[in-house]
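The values are calculated or read from the model by the stated rules, or taken from the named source; none is laboratory data. Quantities reported herein were computed from a predicted structural model and do not represent experimental measurements. Backbone-built Cβ (ideal geometry, glycine too); neighbour counts: all protein chains shown. Accessible surface is based on the protein model in full, side chains and every heavy atom, while ligands, DNA and RNA are left aside. Shrake-Rupley method; radii C 1.70, N 1.55, O 1.52, S 1.80 Å.
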Amino acid sequence: MKFTPAKLTGSYEVDISPIIDDRGWFTRIYCKNEFSQIGHSKEWVQINHSFTTLKGSVRGMHYQLPPYKEIKLVRCVAGAIFDVIIDLRKNSATFLQWFGSELSAKNKKMLYIPEGFAHGFQTLTDECELIYHHSEFYNPSFEAGIRHNDPLINIQWPLTTTKISDRDSQYFLLNTNFKGI
């Protein structure tokens with residue numbers, strides 16, 4: 001695996017190296033030894049799989065509050081998405097900055113998201129599937145989010161939004177009183 005530091009401190013784009021032959025390919029998407037090179041030592045306690053039907057749909061921007069902050073490893077296994085993270089860590093040099101990367105079944109790239117980040121994505125094709133590894137159990141009492149079109153963050157989504165859940169469209173807008181998590 002190749003770990004390329006992303007624009008936001010502690011996040012990485014992860015490229016895998018499939019072994020290809022006339023049958024197809026095989027690759028590893030996680031190795032404890034390799035991930036320890038970037039300081040990852042937590043256990044993955046949950047693995048989730050999502051399916052989104054319509055191109056232009058947005059899911060996010062989700063995060064969990066302390067003490068349930070989580071690390072995520074995200075991979076698109078069908079279709080293509082624009083994956084976005086926002087640094088919400090108070091005292092971080094990249095506080096309230098966002099980073100986006102295209103993840104697709106074709107490029108096989110993953111995104112490693114440290115604790116203290118909001119995460120979401122927009123589908124670039126119909127019928128997208130994602131696999132998420134989580135270092136913390138889902139806890140609805142500590143769930144939070146930021147509106148995907150928050151003007152303070154100003155994410156440059158590649159497409160017009162076609163679908164978004166009621167919950168995701170009703171998250172609060174940030175203001176200067178937001179001090180981070």
As a check on your grasp of the helix formula, calculate [θ] at 222 nm for the chain: sum -39500 (n - 2.57) over DSSP H runs of n ≥ 4, divide by the residue count, round to the nearest 500.
-1000 deg cm²/dmol
Whole angstrom only: what separates the Cα centroid of segment 33-65 from the Cα centroid of segment 89-148?
6
Running a GNM on the chain with Cα contacts under 10 Å, which residue among 55, 32, 90 ends up with the highest mean-square fluctuation?
32
Run the quick spin-label model on residue 149 and residue 173: label points 7 Å from Cα toward the beta carbon, then report their separation in nm to one decimal.
1.1
For the chain, size of Cβ-based charge dipole, Lys and Arg +1, Asp and Glu -1, in debye:
260
Using +1 at the Cβ of each Lys and Arg and -1 at the Cβ of each Asp and Glu in the chain, identify which of 73, 8, 121 lies farthest towards the dipole's positive end.
8
Given Cβ point charges of +1 (Lys, Arg) and -1 (Asp, Glu) and nothing else, what value in debye, to the nearest 20, does the dipole of segment 10-81 about its Cα centre take?
280
Any of 7/106; 55/109; 7/69; 55/90 with alpha carbons more than 30 Å apart? Name them for me.
55/90
Computed ³J(HN,Hα) along segment 17-22: with the Karplus parameters 6.51/-1.76/1.60, θ = phi - 60°, integer Hz and x for glycine or proline, the list is 10, x, 8, 10, 9, 5
Name the residue, out of 152, 111, 124, whose mean-square fluctuation peaks in a Gaussian network model built on the chain with Cα pairs under 10 Å.
152
Can you tell me how segment 1-77 classifies by the Cα gyration tensor, rounded, prolate or oblate, using a/c under 1.5 as the rounded cut?
oblate
For the chain, built as a Gaussian network whose Cα springs stay under 10 Å, the top-fluctuating residue of 146, 81, 16:
16
Give me the accessible area of residue 141, 1.4 Å probe, in Å² rounded to the nearest 10.
100
